[in-house]
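Below is one structure, written out as structure tokens; comments come after it.
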């Protein structure tokens, strides 16, 4: 905690708040017409309507007030504001407040996969790390694997990290620890991925390196509109991998929490297959899963 000493001046309208270190090189004189967009301490102080001017130099902040209030009624509040702001921004305007990451855990249909959701975007697209050997270039996955022996896979997409565990632990034993590691890693500015994230639009193109046929595009459009949002909400991803026109079979690529999920086959048969039969009955009679 930064310790601030209150020091009166010869001018009864001005009070000095003295720190135990030099705040800035040079000096700053600010009034309500000044540009304070990069100076959080000034933003906070000017929230008090009686504050007229702020002068910052060496190791102190001097505040000039209006005559409408007495120092004895406001000086402790100003001191607290200055202490808090110097804790967040020790160099006044050269260091911005850290971006706060809020992480919460969310179950998925796959009991081995837990989804850790952030209040901020992590990746524009997705990165899938299927094993420890594939973690090079994905520092967040490396950090998870290094700390937790039970972690088998990491899937990072948009604003969440889905972690697949082995059978040596239950999530209720380790969920809080994993969540704390991810939150601390992001809060401390750790890199998420150094490799290019795959885009959500037709990720199958990256896998089989070809464009969809007209029939495949029709099937994919139905998936994207009616199926993908629910699957992504559960920490996974589904894409059309292959379509066999002769047998009217659509093969689906399952990634993230969907990969290896015990309920994924039932979901395919009970939900996705029925949806495709309903919307494109002339194209699809059967759906098969291909785990990513």
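Listed here are the residues, each with its yes/no results for (1) surrounded by 14 or more Cβ atoms within 10 Å (Cβ to Cβ); (2) within 30 Å of residue 181 (Cα to Cα).
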| site | (1), (2) |
| --- | --- |
| 21 | no, no |
| 37 | no, no |
| 60 | yes, no |
| 87 | no, yes |
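Restricting attention to the range 117-131, report how many residues are surrounded by fewer than 17 Cβ atoms within 10 Å (Cβ to Cβ) and either within 21 Å of residue 177 (Cα to Cα) or out of contact with any strand residue (DSSP E or B) (no Cβ under 8 Å at 6 or more places or on another chain) (or both).
Qualifying residue count, the range 117-131: 5.
Give the residues of the range 275-292 that are assigned to a strand (DSSP E or B), modelled with pLDDT of 85 or more and buried (at least 17 other Cβ atoms within 10 Å of the Cβ), sorted by residue number.
287
Could you say whether any residue in the range 201-214 is touching a strand residue (DSSP E or B) at 6+ places or on another chain (Cβ under 9 Å) and either modelled with pLDDT of 75 or more or over 22 Å from residue 155 (Cα atoms) (or both)?
yes
Here are some residues: 107, 114. Which one is within 30 Å of residue 230 (Cα to Cα) and either surrounded by fewer than 18 Cβ atoms within 10 Å (Cβ to Cβ) or without any contact (Cβ under 8 Å) to a residue 12 or more places away in the chain (or both)? Spell out the reasoning first.
Numbers: 114 fails: either surrounded by fewer than 18 Cβ atoms within 10 Å (Cβ to Cβ) or without any contact (Cβ under 8 Å) to a residue 12 or more places away in the chain (or both).
Going through 107, 114 in turn, the sole match is 107.
For every residue, the table says whether it meets (1) more than 26 Å from residue 228 (Cβ to Cβ); (2) surrounded by 13 or more Cβ atoms within 10 Å (Cβ to Cβ); (3) in the same structural domain as residue 108 (by TED's automatic domain parsing); (4) modelled with pLDDT of 95 or more.
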residue	(1), (2), (3), (4)
136	yes, no, yes, no
141	no, yes, yes, yes
148	yes, yes, yes, yes
165	no, yes, yes, yes
168	yes, no, yes, yes
183	yes, yes, yes, no
194	yes, no, no, no
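On the basis of being closer than 20 Å to residue 255 by Cα, touching a helix residue (DSSP H, G or I) at 6+ places or on another chain (Cβ under 7 Å) and not in a strand (DSSP E or B), does residue 192 make the cut?
Numbers: closer than 20 Å to residue 255 by Cα: yes; touching a helix residue (DSSP H, G or I) at 6+ places or on another chain (Cβ under 7 Å): yes; not in a strand (DSSP E or B): yes.
Here the answer is yes, as residue 192 does meet what is asked.
More than 30 Å from residue 176 (Cβ to Cβ) and at pLDDT 90 or above, is that true of residue 81?
yes
Could you say which residue among 80, 110 is assigned by TED's automatic domain parsing to the domain that holds residue 160 and not in a strand (DSSP E or B)? Explain how you work it out, then say what you get.
On the way: 80 fails: assigned by TED's automatic domain parsing to the domain that holds residue 160.
One residue alone meets the criteria, 110.
The values are calculated or read from the model by the stated rules, or taken from the named source; none is laboratory data. Please read all numbers here as calculations on a predicted model, not as lab measurements. Note: ideal-geometry Cβ built from the backbone for every residue, glycine included; neighbour counts use all protein chains shown.
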